[in-house]
Amino acid sequence: MDLSEASPGRRRRGLLIVLSSPSGAGKSTLARMLLEADSEITMSVSATTRPMRPGERQDVDYHFVDDAEFDRLIQENELVEWAMVFGYRYGTPKAPVKAALKAGRDIMFDIDWQGARQLEPDFGEHLVTIFLLPPSMTELERRLRARATDSEQVIGERMQRAADEISHWAEYEYVLVNQDMNACLDRVQAIVSAERAKRSSQTGLNAFVRDLIGPAH
Ligand code: 5GP
């Protein structure tokens, strides 16, 4: 199903859709479902110094880089934001963001609250921030364990970090509780649809309305 809402001749501004949650709350699954349902959204691929996990792919899940390369990205101003998470650095490359905005396409970010905060001053008018909460901490821990890619110590750290991440929920415009993934997807699609319909997002409207009712009005 393609829920594309652009119509020929009516340009719109691309949205920057930030999806944050503690790890294990279902963010990656939700992001994947949204991308499949909507061809106008692309996913931002972050750079990180964290080691690759089994099943992850270079330049698909992340651009896995070493410290020297991350230093270079910062120095050469190639990141729109970056932050330290679990002792590793994560950052959003600037070029795909600029390209998406220029083309009037939306770009989605799986980044934490530190990243969302940094995007605000530069992209505030394009920014849509969504926070995904787990239904309970017990369920969150169960999901983290089901992944089984992390050691016991790492799971403990992630639960701690989850509580920290959740404490920033009120900095987001939209907050969803992930009881049911399909229900969440419906709500995120409704949010995106409403954001695209905002007057400020529809850059071609002036010309469209001028044609509609004539220049005299
Ligand atoms: P993970 O290591 O589990 O893939 O990600 C850990 C955390 O880092 C997640 O909360 C994720 O949202 C966050 N993250 C991933 N990429 C970025 C990024 O480019 N910038 C920021 N600020 N956070 C990121």
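Take every Cα pair under 8 Å in the chain that's 6+ residues apart, average their separations, divide by the length, and report that relative contact order as a whole percent. Could the numbers behind the result be given before it?
On the way: 311 pairs, mean separation 70.3, N = 217.
Across the chain, relative contact order equals 32 percent.
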DSSP beta bridge pairing in the stretch 16-200, given as percent antiparallel to the nearest 5: 30
Most to least packed among 167-175, 90-98, 109-117, 18-26 [average Cβ atoms within 10 Å]: 18-26, 109-117, 90-98, 167-175
Asp106 accessible area, 1.4 Å probe, all protein chains in place, Å² to nearest 10: 0
Sulfur and carbon atoms: percent of accessible area, the chain [1.4 Å]: 52
Inverse of mean 1/r across different Cα pairs in the stretch 138-212, Kirkwood, Å: 16.0
Amide H partners (placed H, <5 Å) of Met108, local residues excluded: Ile17, Thr42, Met43, Ser44
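Based solely on its DSSP helices, what 222 nm [θ] is calculated for the chain when runs of n ≥ 4 H residues each add -39,500 (n - 2.57) and the sum is averaged over all residues, nearest 500 deg cm²/dmol? Don't skip to the answer; put the middle values down first.
On the way: 8 runs with 93 residues, N = 217.
After summing the helix terms and dividing by the residues of the chain, the value is -13000 deg cm²/dmol.
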Cα centroid separation, the stretch 72-119 to the stretch 166-217 (Å): 22
1.4 Å probe accessible area per residue over the chain, in Å²: 54
Hydrodynamic radius of the chain per Kirkwood, over alpha carbon pairs, in Å: 18.6
Long-range HN-HN contacts of Tyr62 with modeled amide H, under 5 Å: Arg57
Candidate lysines - alpha carbon under 17 Å from Lys102, same-chain residues fewer than 8 apart omitted: Lys94
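The values are calculated or read from the model by the stated rules, or taken from the named source; none is laboratory data. Please read these numbers as outputs of a predicted model, since none were measured by experiment. Note that we place each Cβ from the backbone using ideal geometry, even for glycine, and neighbour counts take in every protein chain shown. Each accessible area value is taken on the protein alone, full model and side chains, heavy atoms only, with ligands, DNA and RNA left out. Shrake-Rupley method; radii C 1.70, N 1.55, O 1.52, S 1.80 Å.
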